[in-house]
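The values are calculated or read from the model by the stated rules, or taken from the named source; none is laboratory data. If you're wondering where the values come from, they're calculated on a predicted model, not measured in any experiment. Because the Cβ atoms are built from the backbone with ideal geometry, glycine has one as well, and the counts that use them run over all protein chains shown.
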Amino acid sequence: MKKTYIIGEIGINHQGDLNIAKRLIDIAAAAGCDAVKFQKRNPDVCVPEEQKSKPRSWQGEEMTYLEYKYKVEFGKEEYDEIDAYCNQQGIAWSASPWDMDSLEFLSNYNIPFLKLPSAMLTDDELLEGCVATGKQVIFSTGMSTQEEIDHAVKVLRNAKEKYGNKHEIGLLHCNSTYPAPIEELNLSGIKTLAERYPDFEIGYSGHEFRLGTSVAAVYLGASIIERHITLDRTMEGSDHMASVEPQGLFKLVSGIRELERAYGDGIIQVTESEKPVRKKLRG
């Protein structure tokens, strides 16, 4: 079994606080994650005009929705520090660009991959732009039809050939409800994607409460696992409830690593540890 690449999705669960971001990086590194991931937006571009002036309460303050989005958005100073801190902690980092401005921003960093969120699966310009950077591209398929996924795959394949990007593209099965109902996870979709897109690396991005389902996703063939992480599910913000707390993250990573060790090659034979038992009991 291929070693699973585990991504701890910090997203905007840092609350706009670099100290919280660093604590989450520490936890992900200690748990054994391969990478942490953030989200990068230009709020002026990403927030719809009719939404910008709507009132929003955040950490006891009243503000507009646009002001709130800027409150939880990191800029160059913060990402420079995140870059240095992750190098120091021995863990990779990346971010999801939600617009072309953010893609250009992230292109200035030596990150191993770019992750497109499910919401941007139908943005052809952004899909192609990510491939054009020469980095590995990973994208999630939540709230998408089969036809929409087929189209995104076509755009990515064409861009890969156009720009000579040699990296295998990652495609993550996903349900975009936060948190996702267990009966709607459709983990069998992992096998469907693997059969339909054999040239892609298949993974799973989970938003459910459970941990065992993400371990099961590895058994079903996912070689990339992404889960949102938080210090506390009760913190203010939209993503915390669908995130994994520190203790859960340690359990999740260890569960995946145990499965990798236990999976084996499928060949039925007497194992080394069984030989003395066999001799004792069968002579």
What residue, of Gly266, Gly237, is on the phi > 0 side of the Ramachandran plot and without any contact (Cβ under 8 Å) to a residue 24 or more places away in the chain? Gly266
Considering only residues that are of a type in the set (D, E, K, R) and modelled with pLDDT of 95 or more, which ones fall in region 1-16? Lys3, Glu9
Could you check region 230-249 and list, in sequence order, the residues that are within 14 Å of Glu9 (Cα to Cα) and hydrophobic (A, V, I, L, M, F, W, C)? Leu231, Met241, Ala242, Val244, Leu249
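Rundown of residues vs (1) in contact with a Leu (Cβ under 8 Å, 6 or more places away or on another chain); (2) not small (Gly, Ala, Ser), yes/no style:
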position: Ser140; (1), (2): yes, no
position: Gln146; (1), (2): no, yes
position: Asp150; (1), (2): no, yes
position: Asn158; (1), (2): no, yes
position: Tyr178; (1), (2): no, yes
position: Ile182; (1), (2): no, yes
position: Phe209; (1), (2): no, yes
position: Ser238; (1), (2): no, no
How many residues, within region 162-176, are surrounded by 19 or more Cβ atoms within 10 Å (Cβ to Cβ) and part of a loop (DSSP other than H, G, I, E, B)? 3
Kindly indicate the residue of region 198-218 that is β-branched (Val, Ile, Thr) and buried (at least 19 other Cβ atoms within 10 Å of the Cβ) and also farthest from Val253 (Cα to Cα) among those meeting that condition. Ile202
Conditions: (1) assigned to a helix (DSSP H, G or I); (2) touching a residue at least 24 places away in the same chain (Cβ under 8 Å); (3) closer than 27 Å to Ile229 by Cβ. Ala159 meets all but one. Number of the miss? (3)
Name the residue, out of Ile27, Ile6, that is surrounded by 21 or more Cβ atoms within 10 Å (Cβ to Cβ) and under 25 Å from Ser118 (Cα atoms). Ile6
Taking Lys275 and the conditions (1) under 20 Å from Ile6 (Cα atoms); (2) out of contact with any Cys (no Cβ under 6 Å at 6 or more places or on another chain), which numbered condition does it fall short on, given that it satisfies the others? (1)
Subset of region 162-187, residues among the acidic types (Asp, Glu) and in contact (Cβ under 8 Å) with a residue 24 or more places away in the chain, comes to Glu168
Quick check, is Phe105 at pLDDT 95 or above, part of a helix (DSSP H, G or I), over 23 Å from Ala31 (Cα atoms) and of a type outside the set (D, E, K, R)? yes
Selected residue [closer than 25 Å to Ala222 by Cα, under 19 Å from the mean Cα position of the chain (by Cα), modelled with pLDDT of 95 or more and surrounded by fewer than 16 Cβ atoms within 10 Å (Cβ to Cβ)] from Pro97, Pro112: Pro112
Write out, first by first residue and then by second, each pair whose Cβ atoms fall under 6 Å of each other, whose residues are 6+ apart or on separate chains, and whose first residue, in region 51-73, is of a type in the set (A, V, I, L, M, F, W, C) while the second is exposed (fewer than 15 other Cβ atoms within 10 Å of the Cβ). Leu66/Lys52
Would you check which residues across region 62-91 are exposed (fewer than 15 other Cβ atoms within 10 Å of the Cβ) and on the phi < 0 side of the Ramachandran plot and list them? Glu62, Gly75, Lys76, Glu77, Asp80, Glu81, Ala84, Asn87, Gln88
Please work out which residue is surrounded by the most Cβ atoms within 10 Å (Cβ to Cβ), limiting yourself to region 177-191 and to residues that are part of a helix (DSSP H, G or I) and over 18 Å from the mean Cα position of the chain (by Cα). Lys191
Flag for Glu9 being closer than 25 Å to Leu127 by Cα, part of a strand (DSSP E or B) and of a type in the set (D, E, K, R): yes
With the condition kept exactly as written, say whether any residue in region 192-207 is part of a helix (DSSP H, G or I), of a type in the set (Lys, Arg), touching a helix residue (DSSP H, G or I) at 6+ places or on another chain (Cβ under 9 Å) and within 22 Å of Thr4 (Cα to Cα). yes
Would a scan of region 272-283 turn up a residue that is in contact (Cβ under 8 Å) with a residue 40 or more places away in the chain, out of contact with any Asp or Glu (no Cβ under 7 Å at 6 or more places or on another chain) and either at positive phi or aromatic (Phe, Trp, Tyr) (or both)? no
